[in-house]
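Notes follow once the structure below has been shown.
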Amino acid sequence: MTATTPWREEAARLLPELAENARDAETPYLLWFDIRRAFEDAYGQQPRNESLIGRVYHYSAWWDVFQGRAAVGQECRPAATVR
């Protein structure tokens with residue numbers, strides 16, 4: 001069984017449709033391939049899947065904070081309303 005890590009937990013929380021991918025990903029880097037594919041698909045849908053798009057932006061902002069590239073409370077705000 002794969003160990004629980006903050007990046008897996010946050011991905012599963014924000015992107016439940018990718019929870020299995022997060023659980024199975026060997027590294028965060030590999031998970032980003034699945035996230036990107038889902039993100040591109042969400043933009044290609046008619047109408048766009050604004051919920052998923054916003055949650056991917058939110059996860060990306062969280063990732064920056066997690067990696068120490070952004071200040072907590074400043075950059076970890078969703079770009080769109082998450083529903």
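Starting from the Cα gyration tensor of the range 6-66, take the square roots of the eigenvalues, sort them a ≥ b ≥ c, and report rounded, prolate or oblate (rounded when a/c is under 1.5, otherwise prolate if a/b is larger than b/c, else oblate).
The shape class here is prolate.
For Cα pairs less than 8 Å apart in space and 6+ apart in sequence, what is the mean separation divided by the residue count of the range 6-66, i.e. the relative contact order in percent?
That works out to 32 percent.
Each value in this text was obtained by applying a stated rule to the coordinates, not by laboratory testing. What you see is a predicted model; the values in this text were computed from it and never measured.
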